[in-house]
Amino acid sequence: MAKLRILKFGDPTLRKVARPVEEITPRICTLLDDMIETMRAADGCGLAAPQVGVLRRVAVIEVEEGKVFELINPKIIAFSGEQEDAEGCLSNPGKAGVTKRPMHVTVRAMNRKGETYDLTGSELLARAICHECDHLDGKLYTDVQIREITNKEKKKR
Ligand code: ZN
């Protein structure tokens, strides 16, 4: 496994639409392994392939320690409710903003074995699913941010 470099906001790659994975090759599996290592090293709860410069529809999420979800070609198939909370991004270190997201989200994706599965999440997991799927379409949380969270507020939290 290898730690990858995370692109920062302002890098044009983050604004591009990623291509679907047509075949799960050893390269995709290595990418998933490296992304998990990179996400953990950066203490993040999600990472999308465009953030490491790979324009493929691949993302990893780990909201609960040790429970990693690998999402290949993810597609949100259902959502409901609403939540407003703080959101940040490994590509925008040290910053955060308040966003409005659905409270419950169901995403359909493939794992590295090529099996299709549905993942339903609420609260932070729902937020992470939306955030990572957005990355695959070149969208960033700041696009839907209601307001930025100031350093003063962060200290209070
Ligand atoms: Zn992000």
- [ ] Hey, can you tell me all the residues within segment 2-26 that are over 16 Å from PRO74 (Cβ atoms) and loosely packed, with under 12 Cβ neighbours inside 10 Å?
- [x] ALA2, ARG5, GLY10, PRO12, GLU23, THR25, PRO26
Task: Selection status of LEU71, touching a strand residue (DSSP E or B) at 6+ places or on another chain (Cβ under 8 Å) and within 16 Å of the ligand (Cβ to nearest atom) - done: yes
Task: Filtered residues of segment 3-36 (kept if without any contact (Cβ under 8 Å) to a residue 40 or more places away in the chain, assigned to a loop (DSSP other than H, G, I, E, B) and not acidic (Asp, Glu)) - done: LYS3, GLY10, THR25
Open item on the list: Suppose we filter GLU65, GLU84 for residues that are of a type in the set (Asp, Glu), in contact (Cβ under 8 Å) with a residue 60 or more places away in the chain and out of contact with any helix residue (DSSP H, G or I) (no Cβ under 7 Å at 6 or more places or on another chain); which single one remains?
Closed with: GLU84
Task: Residue count for segment 54-68, restricted to those that are more than 14 Å from the ligand (Cβ to nearest atom) and either under 9 Å from the mean Cα position of the chain (by Cα) or surrounded by fewer than 17 Cβ atoms within 10 Å (Cβ to Cβ) (or both) - done: 6
TODO: Scan the helices (runs of 4 or more DSSP H) fully inside segment 42-157 and keep the ones with 2 or more residues being more than 19 Å from GLU23 (Cα to Cα) and modelled with pLDDT under 95.
DONE: 151-156
TODO: Could you tell me which of the residues ALA48, ALA109 is buried (at least 20 other Cβ atoms within 10 Å of the Cβ) and without any contact (Cβ under 8 Å) to a residue 60 or more places away in the chain?
DONE: ALA109
TODO: Select from segment 73-118 the residues that are of a type in the set (D, E, K, R) and touching a Cys at 6+ places or on another chain (Cβ under 7 Å) and write down the one among them that is farthest from THR142 (Cα to Cα).
DONE: ARG112
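Listed here are the residues, each with its yes/no results for (1) aliphatic (A, V, I, L, M); (2) more than 14 Å from the chain's Cα centre (by Cα).
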site	(1), (2)
GLU70	no, no
ALA78	yes, yes
ASP85	no, yes
GLY94	no, yes
ARG112	no, yes
LEU125	yes, no
GLU132	no, no
Open item on the list: Against the condition small (Gly, Ala, Ser), without any contact (Cβ under 8 Å) to a residue 60 or more places away in the chain, surrounded by fewer than 16 Cβ atoms within 10 Å (Cβ to Cβ) and away from the ligand (no atom under 11 Å from the Cβ), how does ALA78 come out, does it pass?
Closed with: yes
Open item on the list: Can you pull out every residue in segment 1-50 that is closer than 19 Å to MET110 by Cβ and among the charged types (D, E, K, R)?
Closed with: ARG19, GLU22, GLU23, ARG27, ASP33, ASP34
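The values are calculated or read from the model by the stated rules, or taken from the named source; none is laboratory data. Keep in mind that what you see is a predicted model, and the values were worked out from it rather than measured. We place every Cβ from the backbone using ideal geometry, glycine too, and count neighbours over all the protein chains shown.
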